[in-house]
Amino acid sequence: MASTGSRRGARDYLVQALYQWQLADHDFAELVGQFEREEDFASIDQAYFRALLEVVLEDVETLDATIARFAVRSPQQLDAVGRAILLLGLAELGNRPDVPTNAIINEAVELAKRYGATDSYRFVNALLDKAAKELGERDGGRRQ
């Protein structure tokens with residue numbers, strides 16, 4: 001079982017990787033290779049990092065469609081950091097039933113406070129909350 005800190009570190013690196021992917025269009029192997037060279041990469045939940053990076057890169061169209069459904073602007077109009085945080089949060093909501101919904105949203109809000117534009121955390125919180133409610137309705141409310 002991964003510690004909260006090692007998952008938090010994985011999320012930090014995921015935001016960086018997804019930001020870089022948007023700007024430089026690196027593929028999965030290039031991104032993983034780059035971050036594996038980071039000194040503290042060994043202390044994060046590497047499996048979590050790889051799994052979620054893969055989910056986002058493979059399913060970005062669906063994730064962007066979800067963003068577009070709940071936002072007033074298209075995903076491409078969002079700043080790269082905000083979009084990275086939303087992609088990560090939506091990937092976790094849709095693919096990590098082992099992580100409580102409130103933990104996913106809280107972690108995304110914290111990422112937005114640390115890395116995002118001023119008050120972007122409000123937008124992140126609202127969008128992920130709406131998406132989580134829709135997801136909860138689809139899966140019969142099984143998620144906490």
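A few notes on this one:
- Each of the peptides 96-106, 33-43 was scored by the mean count of other Cβ atoms within 10 Å over its residues; in descending order, highest first, they stand as 96-106, 33-43.
- Of the three principal axes defined by the Cα atoms of the stretch 4-138, the extents in descending order read 38, 30, 28 Å.
- Pair F28, D98: separation of 7 Å Cα→Cβ label points (nm): 1.8
- Within the chain: Cβ-based charge dipole about Cα centre, in debye rounded to nearest 20 (Lys, Arg +1; Asp, Glu -1): 640
- Using θ = phi - 60° and Karplus 6.51 cos²θ - 1.76 cosθ + 1.60, couplings along the stretch 20-36 (whole Hz; Gly, Pro as x): 4, 4, 5, 7, 10, 6, 6, 8, 3, 4, 5, 5, 4, x, 5, 6, 4
- Integer Hz, Karplus 6.51/-1.76/1.60 couplings in order for the stretch 75-85, x for Gly and Pro: x, 5, 8, 6, 5, 4, 5, x, 5, 4, 5
Read-outs: derived from the displayed coordinates by stated rules, not from any lab. Just so it is clear, the structure is predicted and the values come from calculations on it, not from any experiment. Here the Cβ is made from the backbone with ideal geometry for all residues, glycine too, and neighbour counts use every protein chain on show.
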